[in-house]
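Just so it is clear, none of the values below were taken in a lab; they were calculated from the coordinates. If you're wondering where the values come from, they're calculated on a predicted model, not measured in any experiment. For neighbour counting, all protein chains shown are included, and Cβ atoms are generated from backbone atoms with ideal geometry for every residue, glycine included.
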């Protein structure tokens, strides 16, 4: 199932619904039509709090809706391009971002050294990075940082371009949404702990990232700014995905760049990440886990950069397309630590 939060032109109240035959229908509509009363489907939060039982109820209504689709009234069915799709998880209780794509870590680190160090330190640093990459490929390092879970945007929402950065970047990731994952959960419960998958876009201010990481406390202003995390457009249930580590990824940056990648570059299964986290803490329903930036699909990997007015389109096979328009007017920027960009003021 593809589940979503949305608003229509006729109803500005947030609705929780499902995609049927490429058309959106709210669960309130389906329950009224079929005489059901499931408080577990009143909104996304109730759905996640009551997962996995809520998934079975939602699928029951989806199947009934498919059979009786022709009998639904026109005003009960919404075209995807005629509604406002809201963030898939608008208020996650926690957001963890892992670095389980070593190829991205290698590529981005090599580019960063180009801007951060002069010869011969740059050359020595690149040798060290390449040696580290060979080690990373052989072992899984479950290191993460906590993202800003209080500042989530959805499809066609714009991020804030931080005035302290000239090198804003996207980081497309496979996002895992936790249904229920208690402390010390059993091996048998791990697969059933995943409520679904989303596209996760972790915006980053690259030209201030290195000094922050050098303090060994993780990223701060480089990733913690307002409207810096995109989630959407759908919460897609696990049965519709199959193997989450076999999805093609395409990124379009306006009309200037097209980047391609794959989730095959992720070196750990989602259940391994959840198992790691639950050895020392519980995960509340709705927790978001980013698995790592898809290699070759961000500006730092390629030394290709966003510009004001770009439309970002992030497409994951089976997950849909998450779009973020970059503001055209970003205001005067502070001087960058890196090379000044002629097209930015």
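Quick look at the values:
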read-out	value
Hull-based mean projected area of the range 234-335, where the convex hull spans the alpha carbons, in square nanometres	9.0 nm²
Overall form of the range 286-345 per C-alpha gyration tensor (a/c, 1.5; a/b vs b/c)	prolate
Rg/Rh ratio calculated on Cα atoms of the range 93-191 (Kirkwood radius)	1.05
Mean Cβ neighbour count within 10 Å, used as a protection proxy, ranking 302-308, 228-234 highest first	228-234, 302-308
Relative contact order computed over the chain (Cα-Cα under 8 Å; 6+ residues apart), in percent	23 percent
Using alpha-carbon coordinates, inclination of helix 102-116 to the longest axis of the chain, degrees	40 degrees
Quarter of Cα convex hull surface for the chain, i.e. mean projection, nm²	18.0 nm²
Relative packing of peptides 323-332, 55-64, 84-93 - highest average C-beta neighbours within 10 Å first	84-93, 55-64, 323-332
Bridge type composition, the chain - antiparallel percent by DSSP, nearest 5	90 percent
Footprinting exposure proxy for 293, 287 (fewest neighbouring C-beta atoms within 10 Å first)	287, 293
C-alpha long axis of helix 53-67 to longest principal axis of the chain, angle in °	70 degrees
Relative contact order for the range 53-198, counting Cα pairs under 8 Å that sit 6 or more residues apart, in percent	25 percent
Degrees between helix 121-136 axis and first principal axis of the chain (Cα, 0 to 90, nearest 10)	40 degrees
Relative contact order (%) - the range 2-85, alpha-carbon pairs under 8 angstrom, separation at least six	36 percent
P(r) weight above 18 Å for the range 261-318, C-alpha pairs, percent	53 percent
Reciprocal mean inverse distance between Cα atoms of the range 2-85 - Kirkwood radius, Å	12.8 Å
Fully extended contour minus Cα-Cα distance, from residue 132 to residue 192, at 0.36 nm per residue	18.1 nm
